[in-house]
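Student: Sharing a structure, written as structure tokens. Questions coming.
Just so it is clear, none of the values below were taken in a lab; they were calculated from the coordinates. Quick caveat: nothing in here was measured; it's all calculated off a predicted structure. Cβ sites come from the backbone with ideal geometry, for glycine too, and all protein chains shown count toward neighbours.
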Amino acid sequence: MNAGADANADVDVVVVGAGPTGLMLGCELALAGVRTRVLERRASPQRDSRALSLHPRSVELMDQRGLLDRFLPLGRTVPGWHFAQLPTRLDFSALDSRHNYTLFLAQARTEALLAERARELGVEILRGREVAGLTQDACGVEVDVRGPAGAETVRARYAVGCDGGRSAVRRAAGIGFPGTDETLTGVLGDVAAMDTGPAALAAARENGVLVAPLEDGVTRLVFLDPERMRVPAAEPVTLEEFRASLTRLCGSDLGVAGPRWLSRFGNATRLAERYRAGRVLLAGDAAHIHFPAAGQGLNTGLQDAVNLGWKLAAEVNGWAPAGLLDSYEAERRPVGRAVTENTEVQTLLAELALMERYRRPAAALRRLLDGFLRMEEVNRTLAAQVSALGTAYPATAPGADPLVGARMPDIALRAAGSAAGRVYGLLHEGRFTHLHLTGDADAAAAVTARWGRRVTATAVTRYDAHAELVGVREVLVRPDGHVAWATRDPDARTRGEERCAALTAWAGEPA
């Protein structure tokens, strides 16, 4: 039994919520051999899709796990995105990634693909289960559940709340959720028919109506109506209201008909005080909510899951170094704060433009900001933030190499006796990857002998030139694709000492 294991636990980890975040986390845990059960309140998968996009960093994560071939054929790639719907687009194609695009893919598709993968890995997904309460002790967590067979209690070593902004797990764990209440709402509608002529589309674009083609001939429209933007999000949207708003904004209702889904969404913005309380952790919307500006919510949740998964698995499997699990909050909560702040800025820009009192100065401000976006450096900086390709975690060791904490470039490489491949191909199993860029096969073999299946060690004989790797001799890549340690030291003996210390600090004591 693993160190600290709870002999009475039904499973190692209970994940509450079968949205993209919960399913991705289930996959990550199961990949590391952790017994995982996902509990979902809804009896069946969500048919409608609030989110529609996978941004570049999320696409990279799918590539790192060997899942991209499942996603790409079902979506549509676009080279950029928007910030506050300013005319100048964020140019993702200028960013340093092989996947420098947004994959336009409905959330329901993403969930279905992740659920399929989770089941392949042995994750138990139980629907129609609502969490009624939660308690924890020194060894585990007891989750009270109401389901088709009545009330039951599930015991696990850890529980993770991926159950949205109204998270029952967060409330039961006593974690505060400070922020601002809803002050503004927008509406979205998925319609089977509308006027798609040039004049209609131009009227929509000029009046702030987002038009996005979905599957099966369905079109999504998203907008803010100044006369209806104070209506509570809980109030249902009728087709009559939807058409009336479009008429006010565009001069006609754009011929919308056959509504498949009409919904209202608000700008409540909150960030959990903590991402961990003992054996309970939070991820996704349970940890952060905000206005859906620039489509960052689903993507931030997926990235939470991939950061947390290998760390929690290390804890369950008994080899986690001290402080590893706590680094989840230390790394991801600042990201959550940055996302909530930039979405508040985007929401404010949209709101001011709709208020009669501020309409003229707001228009001037938008023109000013759009001019900044036409500057290459500004555009690249903001694109890196929204795409999450710019996410880098702070180095904890003094004097660390500049690579540490950043994403590892997905360079092509060749190892002795093997075909050419790429770095992300070495991350499919969710392990650490140690690259000896000097081609030192003996050093690679020594790592494998001491750390076994926790680390894939590769002696690289040839690799793509990359500016960030000039002079780098060894790199330790974390399971989530960020750099744990790198060195440019030419002295093999010194590198060996540093290597051992870095591997122990990140991958635990040698087996």
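Student: Out of residues 5 or more away from HIS482 or on other chains, whose amide H comes under 5 Å of its own, with H placed 1.01 Å from N in the peptide plane?
Tutor: Hits under the 5 Å cutoff: MET408.
Student: Want the number for LEU210 to THR183: 0.36 nm per residue separation, take away the alpha-carbon distance, what's left?
Tutor: 7.6 nm
Student: Next up: How are the C-alpha pair distances of the range 409-457 spread across 10 Å bins, as whole percents from the shortest bin up?
Tutor: 25, 59, 16
Student: Figure the gain on full extension for ALA449 and GLU116 (residue separation times 0.36 nm, minus the Cα-Cα span) and round it to one decimal in nm.
Tutor: The span from ALA449 to GLU116 would gain 116.4 nm if fully extended.
Student: Turning to a different aspect of this structure: Around PHE83, which amide H atoms from residues at least 5 apart in sequence, or from another chain, sit under 5 Å from its own amide H, with H modelled in the peptide plane?
Tutor: Correct list: LEU90.
Student: When only C-alpha pairs under 8 Å and at least 6 residues apart count, what is the relative contact order of the range 429-511, in percent?
Tutor: Relative contact order of the range 429-511: 31 percent.
Student: Quick check: net charge around ARG37, other residues with Cβ under 10 Å of its Cβ, Lys/Arg +1 and Asp/Glu -1?
Tutor: My count for the surroundings of ARG37 gives -1.
Student: Assuming R0 = 45 Å, can you tell me the calculated FRET efficiency for the pair VAL78 and GLU356, based on Cβ-Cβ distance, to the nearest 0.05?
Tutor: 0.85
Student: Apply the Karplus parameterisation 6.51 cos²θ - 1.76 cosθ + 1.60, with θ equal to phi minus 60°, to every residue of the range 65-82 and state each ³J(HN,Hα) to the nearest whole Hz, in sequence, with x for glycine and proline.
Tutor: Result, ordered by residue: 9, x, 9, 5, 5, 7, 8, 4, x, 9, x, 9, 8, 10, x, x, 8, 10 Hz.
Student: What list of ³J(HN,Hα) values in whole Hz, one per residue of the range 353-366 in order, does the Karplus curve 6.51 cos²θ - 1.76 cosθ + 1.60 (θ = phi - 60°) give from phi, with Gly and Pro shown as x?
Tutor: Once θ is set to phi - 60°, the couplings for the range 353-366 become 5, 9, 8, 3, 4, 10, 4, 5, x, 5, 5, 5, 5, 5 Hz.
Student: Separate question: For TYR393, TYR275, what ranking results if the residue with the fewest other Cβ atoms within 10 Å of its Cβ goes first?
Tutor: TYR393, TYR275
Student: Okay, moving on. Per residue of the range 98-109, in order, report the coupling 6.51 cos²θ - 1.76 cosθ + 1.60 (Karplus, θ = phi - 60°) as ³J(HN,Hα) in whole Hz, putting x for Gly and Pro.
Tutor: My calculation for the range 98-109 gives 6, 10, 8, 7, 9, 9, 7, 8, 5, 4, 4, 5 Hz in order.
Student: Compute, for the chain, the length of the dipole vector about the Cα centre, with Cβ point charges of +1 (Lys, Arg) and -1 (Asp, Glu) only. Units Debye, rounded to 20.
Tutor: Dipole about the Cα centre, nearest 20: 200 debye.
Student: Once amide H atoms are placed 1.01 Å from N in the peptide plane, what residues at a sequence separation of 5 or more from LEU134, or on another chain, have their amide H within under 5 Å of its amide H?
Tutor: Amide H to amide H, under 5 Å and 5 or more residues apart or across chains, LEU134 pairs with ASP144.
Student: Compare the peptides 394-402, 28-36, 206-214 by average per-residue count of other Cβ atoms within 10 angstrom and give them in order, highest first.
Tutor: 28-36, 206-214, 394-402
Student: Using the Kirkwood radius over Cα pairs, work out the Stokes-Einstein diffusion coefficient for the range 354-478 at 4 °C and 1.567 mPa s, in µm²/s as a whole number.
Tutor: Translational D for this selection: 73 µm²/s.
Student: In addition: Using a Förster radius of 56 Å, what is the FRET efficiency between ARG127 and ALA257 based on their Cβ-Cβ separation? Nearest 0.05, please.
Tutor: The formula returns an efficiency of 0.95 here.
Student: Next up: Determine, for each peptide in 193-200, 354-361, the mean count of other beta carbons within 10 angstrom over its residues, then list the peptides with the highest first.
Tutor: 193-200, 354-361
Student: Report the per residue volume, in Å³, of the convex hull enclosing the C-alpha atoms of the chain.
Tutor: Dividing the Cα hull volume of the chain by its residue count gives 155 Å³.
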